[in-house]
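The values are calculated or read from the model by the stated rules, or taken from the named source; none is laboratory data. Keep in mind the model is a prediction, meaning the values are calculated, not measured. Cβ coordinates were reconstructed from backbone atoms using ideal geometry, including for glycine residues, and neighbour counts include every protein chain displayed. Surface areas here come from the heavy atoms of the whole protein model, side chains and all, with no ligands, DNA or RNA. Shrake-Rupley method; radii C 1.70, N 1.55, O 1.52, S 1.80 Å.
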Amino acid sequence: MLGVIHDWLAENRLKPHFLRDAAGSEVAVLVEIAGATPGPVLCLDACIDTAPAGDLAQWTERPFSGAVHGRRLLGRGAADSKSGVAILAHVARHLAETGIPRGTVHVLFDADEHTGRFGGVRAYLEAIARPPDAVSLGYPGNDCIVVGSRGFLRGRVHFAGKAAHSGEIERTGINALNKAAAFALKVAASTFPETHDAAFPFGPAATVTHLSGGEGFSVVPDHATCNIDIRLTRAFDGAKAMRWLEETVQSVDGQGRIERIDHWPPYLLDPDHALVRSFAAAAERAFGRPIATDVCGPSNIGNLLSAQGVPTICAPGVSFANMHAADEWADIESIAPVHAMYCDAALRFLANG
């Protein structure tokens, strides 16, 4: 996919170049469009990878066919975020052809996004001289401008047991999977009182996302692990989440061990920021209706960028349904207003940012 978009950009004289990770793998394509005079740097980003297709039997059409049913473009990635990639490719061509009076636009297509590693964006931050002044992310949906999201703390909890033959009469084994199951049930029943955050009214959440342990049929498992994903707000931050996790593990097994995997804080951008105002004005003009600001439950690249001090939003995108599910589709008629919004918003921000 990176090769396909690189070739299209090159054919349209946009001088793209690949960005590589530490191992030398291509993880992004970047186009830089300089204005007539110096000014802010705005990055317009859309991820170019996508989720797996899943069970093919559940799809009406083959998941990578690009079938069109009326206004709907069907296919895995049609909404998240191949439509965004196509739109920003044409935005790049438009801005290069018409010119930018002030500032610079970076158009970035990043891979390694759906893995959660965000290798494309990390390579971008490594490749440029300084972070951009603002970033807009090209995800689908146009009911709001996303100005913040919950963060996360991810860990792996290890439980020890005692191996034994599962058929022995004395039952001397201690099943580590029983401990893991008890932990998972305790997490599922958890509530988080006294964590109200007006910006994130839906609050924090904790989910066990994977359990593993044991092998075969005749051995009592002596080791089990649970992966846990904890969604954070400003009132329930990484430190509080870690204390809660430690207490929960200890209540199940005093010898349980927590392996910390990753942590991103929540972020929230002031709705009066020049980036938000530029996109709000351009979106209202393009869609013919005001589009409010909001926050979202899932984390996104904005958490990573915000931690680097970069103001970030998820701009309005195409109308869609079934993201990451069978029969994902994007509304073809919503593509034109999104394109118009980006062209307008970029110039507004660069003029006033």
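I'd like the full set of residues that are aliphatic (A, V, I, L, M) and open to solvent by 20 Å² or more (accessible area, probe 1.4 Å), limited to the stretch 221-253.
Once the filter is applied, which keeps residues that are aliphatic (A, V, I, L, M) and open to solvent by 20 Å² or more (accessible area, probe 1.4 Å), the stretch 221-253 yields A235, A239, M242, V252.
From the list G39, G35, which residue is touching a Leu at 6+ places or on another chain (Cβ under 6 Å), more than 21 Å from A111 (Cβ to Cβ) and touching a residue at least 60 places away in the same chain (Cβ under 8 Å)?
On inspection, the qualifying residue turns out to be G39.
Identify all residues within the stretch 156-189 that are open to solvent by 10 Å² or more (accessible area, probe 1.4 Å), closer than 30 Å to E246 by Cβ, touching a residue at least 40 places away in the same chain (Cβ under 8 Å) and not basic (K, R); write none if there are none.
Once the filter is applied, which keeps residues that are open to solvent by 10 Å² or more (accessible area, probe 1.4 Å), closer than 30 Å to E246 by Cβ, touching a residue at least 40 places away in the same chain (Cβ under 8 Å) and not basic (K, R), the stretch 156-189 yields H158, A160, G161, A163, A164, G173, I174, N175, L177, A182, A184.
Restricting to the stretch 191-220, and then to whatever is of a type in the set (S, T, N, Q) and at pLDDT below 95, can you tell me which residue is surrounded by the most Cβ atoms within 10 Å (Cβ to Cβ)?
Once the filter is applied, the top-ranked residue is T195.
Within the stretch 4-34, how many residues turn out to be open to solvent by 30 Å² or more (accessible area, probe 1.4 Å) and part of a loop (DSSP other than H, G, I, E, B)?
Number of matching residues: 8.
I need the full set of residues from the stretch 35-51 which are within 21 Å of L95 (Cβ to Cβ), surrounded by 14 or more Cβ atoms within 10 Å (Cβ to Cβ) and not acidic (D, E), in order please.
G35, G39, P40, V41, L42, C43, L44, A46, C47, I48 - these are the residues of the stretch 35-51 that are within 21 Å of L95 (Cβ to Cβ), surrounded by 14 or more Cβ atoms within 10 Å (Cβ to Cβ) and not acidic (D, E).
In this structure, is S306 modelled with pLDDT under 95, buried (at least 20 other Cβ atoms within 10 Å of the Cβ), touching a Gly at 6+ places or on another chain (Cβ under 7 Å) and among the small types (G, A, S)?
no
Which members of the stretch 287-303 meet the condition of being at pLDDT 95 or above and either among the polar types (S, T, N, Q) or open to solvent by 60 Å² or more (accessible area, probe 1.4 Å) (or both)?
Residues satisfying the conditions are G288, R289, P290, A292, T293, D294.
Which of (1) open to solvent by 30 Å² or more (accessible area, probe 1.4 Å); (2) in contact (Cβ under 8 Å) with a residue 24 or more places away in the chain does E284 not meet, given it meets every other one?
(2)
Would you check if F217 is farther than 17 Å from R154 by Cα and either assigned to a strand (DSSP E or B) or under 20 Å from the mean Cα position of the chain (by Cα) (or both)?
Here the answer is no, as F217 does not meet what is asked.
Given the structure, is F279 touching a residue at least 12 places away in the same chain (Cβ under 8 Å) and open to solvent by 30 Å² or more (accessible area, probe 1.4 Å)?
So F279 does not fit the description; no.
Kindly evaluate N142 against the criterion of being surrounded by fewer than 21 Cβ atoms within 10 Å (Cβ to Cβ) and touching a residue at least 60 places away in the same chain (Cβ under 8 Å).
no
Among the residues in the stretch 53-72, are any among the aliphatic types (A, V, I, L, M), open to solvent by less than 70 Å² (accessible area, probe 1.4 Å) and touching a helix residue (DSSP H, G or I) at 6+ places or on another chain (Cβ under 7 Å)?
Looking through the stretch 53-72, none of the residues is among the aliphatic types (A, V, I, L, M), open to solvent by less than 70 Å² (accessible area, probe 1.4 Å) and touching a helix residue (DSSP H, G or I) at 6+ places or on another chain (Cβ under 7 Å).
Which of (1) farther than 14 Å from V157 by Cα; (2) touching a strand residue (DSSP E or B) at 6+ places or on another chain (Cβ under 7 Å) is the odd one out, the single condition M242 does not satisfy?
Among (1) farther than 14 Å from V157 by Cα; (2) touching a strand residue (DSSP E or B) at 6+ places or on another chain (Cβ under 7 Å), the lone unmet condition for M242 is (1).
Any idea which of (1) modelled with pLDDT under 95; (2) within 25 Å of Y267 (Cα to Cα) is the one V187 doesn't satisfy?
Going through the list (1) modelled with pLDDT under 95; (2) within 25 Å of Y267 (Cα to Cα), V187 breaks only (1).
Considering only residues that are surrounded by 19 or more Cβ atoms within 10 Å (Cβ to Cβ), of a type outside the set (G, A, S) and under 23 Å from P52 (Cα atoms), which ones fall in the stretch 89-133?
Residues satisfying the conditions are L108, F109, D110, D112, E113, F118, V121, R122.
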